[in-house]
Amino acid sequence: MNVYQATVLFRRVLENPQVTAESDFFHAGGDSLLATRVLSAVAREYGVELTFEDFLLAPTPAALASTVTGGPR
Amino acid sequence: MVGAGLAGLTAAADLAAAGVEITVLEARDRVGGRTHGIEVAPGAWADGGAAYLGDRHTELHKLMAGLGLAATPTAMDGGSRFALGGGEKTRAGRFPPLNAVALGELFDLLYDLTARVRPDAPWLTPGAAGLDAVTAAEWAAGALRHPDARLFFPLFLGEMMAADPASVSVLHMALYLRSGGGIRYLNAFSGGAQQDRVLGGAHQIAERLAAQLGARVRLNRPVRAIRQDGGGVSVHTGDGEEHRADAVVVAVPPLLAQSIDYRPGLPAPRATTATGRGCAVKVQLVYREPYWHAHGLSGWSVSATGPLLSTVDDSPPDAGAGVLTGFVTGAEAYRFAALDPAAREAETLRQVGELFPGLPPPDAVHVSDWVNEPYSRGCYAAVFGPGDWLRLGPGLRTPHGRVHWAGTETSTEFFGLMEGAIRSGHRVAAEVLSSHATLWREP
Ligand SMILES: Cc1cc2nc3c(=O)[nH]c(=O)nc-3n(C[C@H](O)[C@H](O)[C@H](O)COP(=O)(O)OP(=O)(O)OC[C@H]3O[C@@H](n4cnc5c(N)ncnc54)[C@H](O)[C@@H]3O)c2cc1C
C-alpha cells in the first residue's frame, strides 16, 4: 500500500475529498466505527490484518501506508 | 387529534395557530407518549423514554427553541467497560475489545445495504421484495462469518433500534439506518444522534406544547372507534364520548392505530401480524454523584449478556445527582419485563456491581418498562417485519377519507425518532389545511 492508495481509501471512507497524506483520520471526520472500515479494506485489498490499536498509532494515510508496507506483525 | 405525543401535539399546535378549532384526545393521564420524565432528585430530571438528539434533528431544535428549551451535551469522557465474554475489560474510548477487521466487514455490509435503500419510498428500492422477505437474523447468519461480527451485530441493532434481529426485515433495518442519517451518525455521540439531551428532560417539549393548547387537550380519552359519514366524522372514546369533526388525525403508533375500529373500514392495514414492537426497558440508577468519573470511566459499557446490554452516564448537568442509565433491549427486554420488581432490581445491581466494582449502592432505581405499556406497544418504535414495507409502505401517509395519519412511523425521515414524529406533525397539519379548506377560520 502506498501513500496515494491510503489517501484515496481515507477519502472514500470519510467521504471527504480534502484528506491529504498527513490528515489525521480522527480530525477529518473519522471515528472508531469508520476506522474499522479502513481496516477491513486494508485486510481485503492488501492482505494485512491490523488492530484498532495499530490504527491509533498510524492515523494518517502516510503513517498507515508505512505500517501496512512494514508487513504483518 | 388522536394522541398527545410529539407528533400529535406538534400538528395540533400548527393547526391551532392556523385558526382551526381542534380537540386533542389522549388515552393516558399524561401527555408526551414515548417521552417521559423521571425526577431523580428534587428538580433534577432524567429521561425514562426518548432522550438524545443531534444537530441534524433540525425540526426538534426549532421546536425546542420556540418553547424556550435548551440542549445539553451528553458527557462521554473517560474509558468504557466491556463484558463481551472472558470477563470485564476497560478500554479507552468506545471501541470494543473485538476484532476490528471483522467489525469493519460488518459495517461495510451495513453501509452497502443502507446505500441501496430508497429513503423516500423503501418499497421501491431495487430488489425490495427480496430484502423485505428476509429477517436481519437470517441475513446475519448468511453474511457474517467472524464470531466477533456475529456477537456484535445484535448488540449494535439493539442499541440502534431496540429490535431483536429475528423480528426485523432487512429492508426495514436498511431504511431505519438510512433515515436516521446512516450508521456512523446514528452510532455517534459527539457529532451524531446522541450528541445532546434536552436540558431538564425531553418530556418538557410535550408539556409546554400542551400548556399552550390548554383545554383543547383532554386526557384519559382512549379513542376506540372512528366513523365517517357524508357530513363529517365521529370519534368515539372508551367511556362513550363522541366528538364530531370535519377531519381527524390519528397520531399513534401503527399497532395502536390498527386496533381502532374504523367505519368504513381501512382499505389497507396500519400494521400486520409481522409488525413488531421494538422492545426497550430503561433502568436508571441514581447516585449522589457520578462516581465512575473518579475512576476515569465515562459510564459507557457494553455487555453481551443482560439485563443491561449497555449503560451510559445520564447525569443532569448541574444538579447534584449521578445517573447511570441502562438499556435492556430486544429479546432480553421481554425476559426482563416479565420479572417481578425485586428480581429486576437484583439482576440490575448484580450486573452493575460487576461492571463498576466499588460503586456504592444506588439511592434509587427507576425502571421504565415500555414493553408493557398498553399505549405505546413499540419502543423505541414499531419494527416493520418481513413483508411490512411492501404492504404498509405505499399507504403509510394516504388519508382514508377524512382520517389522516401522523406519528414517527409515518416519517421516512428520522423514522422512529423524536425528529421523525415532529416532521410528521408538521406534514399532517399542512395536509389537513390543504385538503379541508373549510376548516379555516379567520384568526
Ligand atoms: C426507551 C426509549 C428511548 C428512546 N430514545 C430516543 C432517543 O434517544 N431519541 C429519539 O429521538 N427518540 C427516541 N425514542 C423514540 C421517541 O420517543 C419516539 O419516536 C417519539 O416520541 C414518538 O412520538 P409520536 O408522537 O410519534 O408517538 P407517541 O409518543 O407514542 O405518541 C402517541 C400518543 O398517542 C396516545 N395514544 C395511543 N393510543 C391511543 C388511542 N387509542 N387514543 C388516544 N390516544 C392514544 C399515546 O398514549 C401517546 O401519548 C425512544 C423511545 C423510547 C421508548
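All of the numbers you see were taken from the coordinates with simple rules; none came from a lab. Since the structure is predicted, the reported quantities are computational estimates derived from the model, not experimental observations. So basically every Cβ, Gly included, is an ideal-geometry build from the backbone, and we count neighbours across all protein chains shown.
Between B:Arg30 and B:Ala338, the distance separating the two model label sites (each 7 Å from Cα on the Cα→Cβ line) works out to 2.7 nm. Between B:Asp261 and B:Asp246, the contour length at 0.36 nm per residue exceeds the alpha carbon distance by 3.6 nm.
Amide hydrogen proximity for B:Gly278: with H placed 1.01 Å from N in the peptide plane, the residues at 5 or more positions away or on another chain lying under 5 Å are B:Cys379, B:Ala381, B:Ala382, B:Val383. If the chain linking B:Ala133 and B:Ala304 were pulled fully straight, counting 0.36 nm for each residue of separation and taking away their Cα-Cα distance, it would gain 58.8 nm.
Is the range A:3-69 rounded, prolate or oblate when judged by the Cα gyration tensor, a ≥ b ≥ c being the square roots of its eigenvalues, rounded requiring a/c under 1.5 and prolate requiring a/b larger than b/c? Rounded. How much net charge surrounds B:Phe327 when only the other residues with a Cβ under 10 Å from the Cβ of B:Phe327 are counted, with Lys and Arg +1 and Asp and Glu -1? Local net charge: -1.
The alpha-carbon positions of the protein assembly as shown define a convex hull whose volume is 154 Å³ per residue. With q set to 0.11, 0.16, 0.17 Å⁻¹, the log10 of I(q)/I(0) for the range B:244-363, from the Debye formula over equal scatterers at the Cα positions, is -0.54, -0.80, -0.85. Highest average first, the peptides B:249-258, B:144-153, B:96-105, A:12-21 ordered by how many other beta carbon atoms sit within 10 Å of their residues are B:249-258, B:96-105, B:144-153, A:12-21. Placing one equal scatterer on every Cα of the range B:49-103 and applying the Debye formula, the log10 ratio I(q)/I(0) at q = 0.30, 0.31 Å⁻¹ is -1.20, -1.23.
Taking every alpha-carbon pair in the range A:33-73 and binning the separations at 10 Å intervals from zero gives 32, 66, 2 percent. Note on the range B:1-128: Cα Rg divided by 2.2 N^0.38 Å, N the number of residues, gives 1.52. The C-alpha radius of gyration of the range B:99-187, expressed as a fraction of 2.2 N^0.38 Å, stands at 1.00. Here, chain B is characterised by an Rg to Rh ratio of 0.97, where Rg is the alpha-carbon radius of gyration and Rh the Kirkwood radius. Here the simple spin-label model places points 7 Å from the Cα toward Cβ, and for A:Gln18 and B:Glu345 these points are separated by 5.3 nm.
Summarising the label geometry, the points placed 7 Å from Cα in the beta-carbon direction at B:Ser435 and B:Lys89 lie 5.4 nm from one another. Give me D for the range B:328-443 in µm² s⁻¹, whole number, from Stokes-Einstein with Rh from the Kirkwood sum over alpha-carbon pairs, 37 °C and 0.692 mPa s. The estimated diffusion coefficient comes to 183 µm²/s. Take every DSSP beta bridge whose two residues both sit in chain B; close to 75 percent of them are antiparallel. Potential lengthening of the chain between B:Asp229 and B:Ala17 amounts to 73.6 nm, from the contour at 0.36 nm per residue minus the alpha-carbon distance. Note on the range B:1-44: the C-alpha convex hull projects to 3.9 nm² when averaged across all orientations.
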